[in-house]
Amino acid sequence: MAQITAPKGTQDILPKESGRWQKAESIMRELCAQYGFKEIRTPVFEHTEVFVRGVGETTDVVTKEMYTFEDKGGRSVTLRPEGTAGIVRSFVENGLFNEALPTKLFYMIQCFRYEKPQKGRLREFHQFGLELFGAPDPIADATIISLPYRLFKKVGLEGISLELNSIGCKECRAKYREALIAYFQKDEEQLCPTCRERLQKNPMRILDCKSEICRGIAKDAPLITDYLCGDCSEHFEAVKEYLSIMKIDYRVNPRIVRGLDYYNRTVFEFVSDQIGAQGTVCGGGRYDGMTEQFGGAPQPGIGFAMGMERFMLVLEQAGINLEEDNGCDLFLIPLGDRACKEAVRIADELLDRGVRVQYDLLRRSVKAQMKYADKIGAARTMVLGDSELDEGAATIKNMADGSQKKVALNELQEEFEQ
Ligand code: HAM
C-alpha cells in the first residue's frame, strides 16, 4: 500500500529532537515560575467568532489563514491561529479578574494557520507565550519584554534584536488613519487588490503588505510615532526608560504594526537575521480594551508569543545544543532465562528508587547488547549470566572510561544512591 505522508506544513518532532524541545520548554517554565506566571490551557478550537472578534476581521489571519469548519452540530469552529484571543475569552468567561490582579498567564500551545509553508513558517506550529491582565503601567510592558530577553540570555543566544514601537490609542490612530489614507490615495491604482481594499477598511495593514510595489509605495508613508497623543507618548517614553534600566537594547521601528488588530500602544518584535525571511522569533504588545470585546469589564492586557520552531532554528544556527540528559544510568545485560528474571527483579527495585535503568528485550548476544548500550548512551552496564547469579555478584562497567567494579547484587541500590 502507498505510504501516507504528514500534511503539508506540518512536521513530526522526532525522539532525536524532542529532548531539545523539552529542555527549551523546561527553561521557559522555570523563567515563568521566577516571574510568577502560571500556565493556562485553553481549547485547541474555539467558536470562530472568538478570532473574528479578537484578532480582527480584516487581518490576513482571519481572512485567509484560519482552519475553519462546521462541526457535526452545524457550529462554525476554528483551530486556534494564535493564543491571545482564546485566553481573553477564558479570562472573561471564568472571571479571572476576580482573583488577585494582575493575572499572569503563560502557555505552550499548538497553533494553525493556512500559510504558504517555508523555512520557519508552518501550518501547524508551536507558541510559547505570556499574557498579563490588569496592569496599565509601562512597568508591565517592560517586564513582559524582559522575559524573552532573559530567555535568550539564559541559553546564550546573541544577536536577536528588539524592535519597539507604539501604535498609540484609538484617538492617535484616528488621526494617523486619515494621514495614511491621504498618502496612499495618491497611488491607489498601483496598490495590490488587497491593499486597495485595505485603504478604507484598515490602512495600517498596507504597511504590513509583502508585495514589492506596496512596500515601495509605503516607504515614505507617515509614521505613527509622529501622531501619538500626549499620554501615549509619555507611556512610550516610560517603557523605553524601564528597558534602559533593565539594560535591554532596543531599536524604535515605527514600521512595526503587527499582523493582528487588537494592539494599542506598545508593540514589539524580537528579530533574528540568521534564519531567513521568517526572522521574527517573537512578537507581542499591549491590547487594552480586548476584554470588552468579549463582553467583559475593561482590563488592560499585554503579552507576547514566541514561535517555538523559530526559536529552535536560531538555537541550531548558533550551535547551541539544549539536549536534555535523557540518558540511562544502568543497562542490564542478562544472558538466559534465569538472568532475565533476575534483571527484571533488579530493575524493578532500582526503578522504584528513581534510577534510569533499562535491560535487553530482545535476547541478544553480549556483544550486540553492549553495542546497543553504547548507542543509547548508557553510563554503566552490567552483564548477568549464570556465574554472576551463582556468586550473587556482578561486574559493573563504566562505559566512559572502561573501568570495572564488582558489586554484590543485594547491594546494588547503594551503588546508585546519590
Ligand atoms: P504573531 O506575531 O502572529 O503574534 O505570532 C507570534 C510568533 O509566532 C511569531 O513571531 C512567530 O515566531 C510565530 N509564528 C507565527 N506564525 C507562524 C507560522 N505560520 N509558522 C511558524 N511560526 C509562526 C501572536 O500570535 C500574538 N498572539 C502574540 C501576542 C500575545 N500578542 C500579545 N500577546
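Values in this text are rule-based calculations from the coordinates and carry no lab data. Bear in mind the structure is a predicted one, so any value in this text is a computation, not a measurement. Positions of Cβ are generated from backbone atoms using ideal geometry, with glycine treated the same way; all protein chains shown enter the neighbour counts.
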Assuming a ≥ b ≥ c are the square roots of the Cα gyration tensor eigenvalues, decide whether region 1-127 counts as rounded (a/c under 1.5), prolate (otherwise, with a/b larger than b/c) or oblate. oblate
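Which semi-axes, in whole Å and largest first, does the equivalent ellipsoid of the chain have when worked out from the alpha carbon gyration tensor as the square roots of 5 times its eigenvalues?
53, 23, 21
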Take every DSSP beta bridge whose two residues both sit in the chain, then give the antiparallel share in percent to the nearest 5. 80
Taking the Cα centre of region 328-412 as origin and charging only Cβ (+1 Lys, Arg; -1 Asp, Glu), how large is the dipole, in debye to the nearest 20? 380
In nm, the gap between the two label points placed 7 Å beyond Cα toward Cβ at Q185 and D273 is 3.8
Q22-K210 pseudo-label distance in nm [points 7 Å out on the Cα-to-Cβ vector]: 3.5
In whole angstrom, note down how far apart the Cα centers of region 118-172 and region 288-328 are. 8
Need the list of lysines near K247 for cross-linking: C-alpha distance under 20 angstrom, and skip anything on the same chain fewer than eight residues off. K153, K154
Paramagnetic reach from Y67 in region 111-131 [backbone N under 20 Å; point 7 Å along Cα→Cβ]: 111-129
Straight-line reach only, C-alpha to C-alpha below 29 angstrom: list the lysines that K72 could link to, leaving out same-chain residues fewer than 8 apart. K8, K64, K116
List, largest first, the extents of the alpha carbons of region 328-412 along their principal axes, each in whole Å. 28, 26, 23
Please state the shape class of region 290-367: rounded when a/c is under 1.5, otherwise prolate if a/b exceeds b/c and oblate if not, all from the C-alpha gyration tensor. prolate
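Using only the Cα atoms, what convex hull volume per residue in Å³ does region 112-192 have?
Output value, Cα hull per residue: 197 Å³.
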